[in-house]
Structure formats: C-alpha cells, structure tokens
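See structure below.
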Amino acid sequence: MRTRCASARGAHTHALLGGRSTGTLGRIDPVAYLRFVVSKIDPDSGVEGGLFAAAYALRDSAVLPAAHRSTLENHLNWFRANLEIPSRFNRSRSKGYYRRATKGISWFRDTAKEHIARMHELKLIAEANGYVVSLVKEDRIGYVIYEDANQVIAEPFADTHTG
C-alpha cells in the first residue's frame, strides 16, 4: 500500500484504493474493511458466506424463537432502509453480466459505525441459533466493483483474507 502522495491527485487516487488522509500532508492511514462471515461457503463467490445470508435463512426458518425473530426483523428492516443494494457483484461490463457468477463480496467500511453495531446484534442472534460467525478485518480487499459511504463490494485479490 502506498504511504506517500506527492499531489492532490495522488491523494485522491490513494483514497479510492482504500486510504484516508489524516490531515498531515503526504501521510495516509489505511482504511479497514470488515466482513461478518459464517462457515458455509457461498457457491457463487467461492468464499465463506456473509451474515446477511444466515440472517435471512434464520428469519425464514420455523424454529427461530419469537423474541429473536422480532429483533432480527427490526434489524433487517433497518438495513433495507439504510444500506444500498448494488446492482452488480462482478467486474464484467459485457452484455449478460447478470448471468455470470458473482465473485464480489461485501465489506463494511470501518467508518460505518451504526451498520457495524447492528451487524454485531445480528451476530449475537445467529450465534444463539447455532451459527458460528467470525469477524474478518482487511485493508486490501480486491478489485472494487461498487462503493458508497458505508460499504465496498470487491472481487478479492488472491491473497485477500476473506474468512
């Protein structure tokens, strides 16, 4: 990861790759990205599945206790209102991209404090219902497909720790 930027353009380029200016000229702090993963491998991306898939599976199951169901549904509703759903999860720009396997995986920016706090709540519910959930932190997440203020979707580099 680059640590020095000689120009404003260099700082902007570095910010797009995952750095954040500290206010000190030429010094960039890395941005950390977080994933909440379960041990089940996602068939499309080939990496451990995310907590949202487990949360929706729990919501749809008949065995989830009523108290957990209510809390889970409240958090999922909040995410539906406060987290964008990207239109694509692969890098292909060709016609028919929607037919290709989706290799992109979702990461929260470390600055998305409210989103991360709610994910910790979902993690507790999932763990109370038999899931093993891990938190992965990475600063080199891969080829960026989509990004907004709270999340980044990226196809991981070969050496990216994804789960």
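The values are calculated or read from the model by the stated rules, or taken from the named source; none is laboratory data. Just so it is clear, the structure is predicted and the values come from calculations on it, not from any experiment. Reconstructed Cβ throughout: ideal geometry from the backbone, glycine too, with neighbour counts over all protein chains shown.
One table, with the values for the structure above:
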item: Selected residue (only one of ALA55, ALA128, ALA81 is surrounded by 16 or more Cβ atoms within 10 Å (Cβ to Cβ), among the aliphatic types (A, V, I, L, M), more than 21 Å from GLU155 (Cα to Cα) and at pLDDT 90 or above); result: ALA55
item: Matching residues in segment 29-52 - criterion: being among the basic types (Lys, Arg) and at pLDDT below 85; result: LYS40
item: Residues of segment 131-163 satisfying the condition of being without any contact (Cβ under 8 Å) to a residue 40 or more places away in the chain, buried (at least 18 other Cβ atoms within 10 Å of the Cβ) and small (Gly, Ala, Ser); result: GLY142
item: Looking only at segment 104-125, and only at residues there that are more than 11 Å from the chain's Cα centre (by Cα) and crowded, with 20+ Cβ neighbours inside 10 Å, the one that is farthest from SER87 (Cα to Cα); result: ILE125
